[in-house]
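Trainee: The structure that follows is given in the form of structure tokens.
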Amino acid sequence: MSEGRGISVLSEWESKVLLGDVPRPAEVLTRTKEEAVAFACELGRPVVAKASGMAHKSERGAVRLDADVAAVWEELAAMGDGTVLVAEMVRGELELIAGGLRDPQFGPVTSLGLGGIAAEVLGDVVFLLAPRLPGELERAIEELRCAPLLRGYRGRPPVDLAELGRILDAIGSLLERDPDVVEVDCNPIAVCEGRLLVLDALVVRRPG
Amino acid sequence: MEAIFQPHSVAVYGASRDPSKLGHVLLRNLLEGGFGGQVTAVNPGLGTVLGLPTVPRLSAPADLALVSVPAPAAEAAIADAARAGCRAAIVLASGFGETGPEGKAAEQRLAAIARGAGMRLVGPNCMGVVSRLDGGWLNGSYFWRLPELAGGVSMVSQSGAFGGMFFAEARRRQLGVARFLSVGNCADVTEADALEWLAGDPVTTVVGVFAEAFSDGRRFVEAANRCPQPVVVLKAGKGAAGARAAASHTGSLAGSHGAVRAALRRAGAVEAQTSIEFFDALQALAAQPPAPPSLAILTISGGPSVLAADAAERVGLALPAPAEATVRRLRELTPSFAATGNPIDLTPQCPISSFGPAVQAVFDDAAFGGVVVINCGLDAAAFGEAVAAAHRRTGKPVIAFCLEVPAVEAALARAGIPLLPGPERAVTAFAALVGR
């Protein structure tokens, strides 16, 4: 999937493969309806089905929650690149965004903040130089207005900082090992009982 | 780098007889500043300038070459300085990288000539250097007004004109200056190089940095992090999103400042948001030691001290309650309506003989890493003397906001306590002392 201005935006699946070891829900990129139905049956829990290889999936109606996979597969496949991503449906108590970019002055940096609509409206995001040094993540979080949410509120468990650090490290290391990667989004990251799951991801490359 | 800040000999290229020419101003500044070393005026086809015989080219090396010629002639001047064996050169001339690709190429040729000869090159497009030497000033700049006081404040600025603000503020605030370098287009010497040198400078006690863009970002972060003196940074140009693809949320959220904040956090630098905060921080750090992030707000003027308390909360400083013993002591010494929380308000009715022991009790309380003093309108000299004495005795940092209290102001100033014109500014300047 590509855009103008000499950059290309990788599909969610390609982006997650490039990011490597980040925590994800049970999910599979399906090439046939049968494959998708088999995965959903085996999982035995509600799933979300997403068209693959298109930007702004939610806005364009290409994400189906609690999906009847057999009923929607062909329509979603036709909207995107002919494959459909089927994933366990996850509802978190909180959504975060993590990302990364190549800064012209300081090189690879990663970012962290409140996800979903809040990311755009409130802009509550902090940045860290990559690779991060010990203690920097904790200090950066203190600069977030949403820091109390991450520490656990109203009896919720605190966000697993070690896991959060591993997601930032995966983003930072992708920027460092591939000079053509210019931007990375992990958005949203669902927080479920303090554990983290990267629900969607996006990698922007310039043609290598 | 030593040759830039502490040269024994200086050559001025473009020394002109015409007082309206910058080359004339530069030579005059150098001579009038009190530079004690050898000065050579380089200009083909002139007899003498300002009483100095001119030479068409250098026949012996100078430590530092100052180049104030039109851009097209700069290359020949740098080639001559390099051939003669100068250790460093500052190209003050404009018309290089800031004008476009051709200027950029010309500037890279200057850097290449210098590098080939092992000569450091500052600029082009800069205002030069000012540095305190034994007995006088090296004024290798276009600034005709030198600092009034020598001291520990050093400044690295990309912008030349911001240097003018620096010198004006230093005079107004009576700050003692050590070094100033304008690095301009950074064809060779960057802010990071200057900072690395200043880190080893025994005279420099605090460094201010003004930058629009960091030419060598990661090395600047390393240099600031290793710098034993506090570093205050004012970064201009925070708005523009820069040349990002911004196809991602992260890209559109970054602006250009996200990475700068990340960098300054790692650098352990004090980040000033405005030029006022920048000079306030330099003033505080020039006079006061590092502080823990907890303070007492001590006053005999109620209202403004509450504004100071609000500011402390905003900038993340703790206002702990005084220890029980301190409260008991204050109760003995002050009127019953005095406030013994934090802010601590001794009130205008406090007996004069009580100021000394009451102030002493506050300074001696281990809960407070330092004190912000607020005093408006009631010129209780004994209060000022008590603060000055307690500051000297305990060494705890103090910043003050005083209004129309000349005796108190004089007592605090004599003790080296910075006076800032507002309760919030006094607190924000205190926060700069907390630093890393």
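Here's the yes/no breakdown for (1) in a helix (DSSP H, G or I); (2) of a type outside the set (F, W, Y); (3) at pLDDT below 95:
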| position | (1), (2), (3) |
| --- | --- |
| B:C186 | no, yes, yes |
| B:W197 | yes, no, no |
| B:G208 | no, yes, no |
| B:A213 | no, yes, yes |
| B:V221 | yes, yes, no |
| B:V232 | no, yes, no |
| B:A246 | no, yes, yes |
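Trainee: Follow-up. Right, B:P7: open to solvent by 40 Å² or more (accessible area, probe 1.4 Å) and on the phi < 0 side of the Ramachandran plot or not?
Mentor: So B:P7 fails the test.
Trainee: Within the stretch B:266-277, can you find the residues that are within 14 Å of chain A (Cβ to nearest Cβ), assigned to a helix (DSSP H, G or I) and open to solvent by 20 Å² or more (accessible area, probe 1.4 Å)?
Mentor: Correct list: B:R266 only.
Trainee: Which one of these is within 14 Å of another protein chain (Cβ to nearest Cβ) and assigned to a helix (DSSP H, G or I): A:E163, A:E183, A:E176?
Mentor: Going through A:E163, A:E183, A:E176 in turn, just one is within 14 Å of another protein chain (Cβ to nearest Cβ) and assigned to a helix (DSSP H, G or I): A:E176.
Trainee: Here is a further query. Closer than 27 Å to A:L196 by Cβ, hydrophobic (A, V, I, L, M, F, W, C) and at pLDDT below 95: which single residue out of A:A55, A:A49, A:A70, A:A87 fits that description? Write out each step before concluding.
Mentor: Working: A:A49 fails: at pLDDT below 95; A:A70 fails: closer than 27 Å to A:L196 by Cβ; A:A87 fails: at pLDDT below 95.
Every option except A:A55 fails the conditions.
Trainee: Find the residue count for the stretch B:288-311, including only residues that are open to solvent by 50 Å² or more (accessible area, probe 1.4 Å) and closer than 22 Å to B:V231 by Cα.
Mentor: 3
Trainee: Here's another thing I want to ask about it. With respect to A:D185, determine if the residue is in contact (Cβ under 8 Å) with a residue 12 or more places away in the chain, more than 17 Å from the chain's Cα centre (by Cα) and closer than 19 Å to A:K16 by Cβ.
Mentor: So A:D185 fails the test.
Trainee: So which pairs qualify, if the first residue must be in the stretch A:130-156 and within 13 Å of another protein chain (Cβ to nearest Cβ) and in a loop (DSSP other than H, G, I, E, B), the second must be hydroxyl-bearing (S, T, Y) and open to solvent by less than 40 Å² (accessible area, probe 1.4 Å), the Cβ gap must be under 8 Å, and the two must be at least 6 apart or on different chains?
Mentor: Pairs found: A:A130/A:T110; A:R132/A:T110.
Trainee: When you scan the stretch B:172-209, how many residues do you find that are open to solvent by 20 Å² or more (accessible area, probe 1.4 Å) and closer than 20 Å to B:A284 by Cα?
Mentor: Residues meeting the conditions: 7.
Trainee: Here's something else I'd like to know. A:L202 fails exactly one of the following numbered conditions: (1) of a type in the set (A, V, I, L, M, F, W, C); (2) within 30 Å of A:V84 (Cβ to Cβ); (3) open to solvent by less than 30 Å² (accessible area, probe 1.4 Å). What is the number of that condition?
Mentor: (3)
Trainee: What residue, of B:R393, B:R314, is among the basic types (K, R), surrounded by fewer than 16 Cβ atoms within 10 Å (Cβ to Cβ), under 20 Å from B:V434 (Cβ atoms) and in contact with a helix residue (DSSP H, G or I) (Cβ under 9 Å, 6 or more places away or on another chain)?
Mentor: Working: B:R393 fails: under 20 Å from B:V434 (Cβ atoms).
The conditions single out B:R314.
Trainee: Here are some conditions: (1) buried (at least 16 other Cβ atoms within 10 Å of the Cβ); (2) closer than 19 Å to A:E95 by Cα; (3) modelled with pLDDT of 90 or more. A:C146 meets all but one. Which one does it not meet?
Mentor: (3) is the only condition that A:C146 fails.
Trainee: Let me ask something additional. When only residues in the stretch B:205-228 that are more than 14 Å from chain A (Cβ to nearest Cβ) and touching a residue at least 60 places away in the same chain (Cβ under 8 Å) count, which is nearest to B:A259 (Cα to Cα)?
Mentor: Among those that are more than 14 Å from chain A (Cβ to nearest Cβ) and touching a residue at least 60 places away in the same chain (Cβ under 8 Å), it is B:F210.
Trainee: Residues in the stretch B:93-141 that are open to solvent by less than 30 Å² (accessible area, probe 1.4 Å) and farther than 18 Å from B:M1 by Cβ: how many?
Mentor: The qualifying residues number 10.
Trainee: Give me the residue from the stretch A:186-198 that is modelled with pLDDT under 95 and open to solvent by 20 Å² or more (accessible area, probe 1.4 Å) and, out of that set, nearest to the other protein chains (Cβ to nearest Cβ).
Mentor: Restricting to residues being modelled with pLDDT under 95 and open to solvent by 20 Å² or more (accessible area, probe 1.4 Å), the top hit is A:N187.
The values are calculated or read from the model by the stated rules, or taken from the named source; none is laboratory data. Fair warning: this is a prediction, and the values are worked out from it, not measured in the lab. FYI the Cβ positions are ideal-geometry reconstructions off the backbone, even for glycines, and counts take in every protein chain you see. For the accessible areas, the whole protein counts, side chains as well, though only heavy atoms, and no ligand, DNA or RNA atoms are used. Shrake-Rupley method; radii C 1.70, N 1.55, O 1.52, S 1.80 Å.
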